[in-house]
Each structure stands twice: as structure tokens, then as C-alpha cells.
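A quick write-up on the structure given underneath.
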């Protein structure tokens, strides 16, 4: 069993909606990475996010995002599968369905890259395409 390690790093997120670069705390345990960061933007103020990336099965990685604060959410991406989750805003909660067509995770010595393509449907509305590229780098860990 591998010892749990931690590091500070930089998370770069690129999608059709946003380009974000933020400082993140990363915890490593076996083939799992847990990234904690603060959301940016006025609508996200006071919201922290926890992204878990599990690559214990490299052919079928799992990415889960949990947010707490002004906006809360919990949903996951699994390549070739539909998952359910939610978004909770001050105005109320919306159900969410995620249909992931592609999730690829590439792990390097001091970083990882994620390419994600999915369709998200909020409360049975029209499905919206989602494409995200994540680049996470870190310094020496303890």
C-alpha cells in the first residue's frame, strides 16, 4: 500500500465556457488524485471544489467533481456511461445527467492531463456539449 502524499500545484482548465488557472492542493493515494481548489468568478464566489481522478483502471478512469459553498454540485464522468448528479444554487436544486463519450487521463512524473467530452442535461432540458482539457502540474510532494 502506497503512502499518501501531498503537493501544491497549478490546475489549468480549458473549455468552451472558461479558461481558468488556479492554485490547487493535491493529495495522492495509490492510483487516485484528489485536487482541491477555489472556484473563480462572481457566480461561484465562496465555492470550493474537490476533483477526484481515479486511474486504478487506466482503460476506465473516473473523474468526480464535488462543490461546496454558494454553489453545490456532485457529478461524475465515466467514459461510455451515463451518470446522475445535481447542481444546487441559492434559487434551488437541479438534477443533472452526464453522458460521457470520452475520458482520457495521461499521468506524468509531476503532472497529469485530462481530455473529456460529454453531454450534460440539467433537469431534463436540452443536452449541452461539454469539452474540457485539464492540465495539472505540481512541485515536489511531501
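Rule-based calculations on the coordinates, nothing more; no lab input. Keep in mind it's a predicted model, so treat the numbers as computed, not measured. All Cβ positions, glycine included, derive from the backbone under ideal geometry; neighbour counts span all protein chains shown.
The figures follow:
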item: For the range 86-142 and the range 24-63, distance of Cα centres in Å; result: 10 Å
item: Percentage relative contact order, the range 36-128, counting C-alpha pairs under 8 Å, at least six apart; result: 17 percent
item: Exposure proxy order (Cβ contacts within 10 Å, fewest to most) of 16, 116; result: 16, 116
item: Two-site FRET efficiency, residue 137 against residue 91, from Cβ-Cβ distance with R₀ of 41 Å, rounded to 0.05; result: 0.65
item: Overall form of the range 5-137 per C-alpha gyration tensor (a/c, 1.5; a/b vs b/c); result: oblate
item: Highest-MSF residue in the chain out of 30, 99, 57 [GNM, Cα springs under 10 Å]; result: 57
item: Chain lengthening between residue 48 and residue 84 when straightened (0.36 nm per residue, less Cα-Cα); result: 10.9 nm
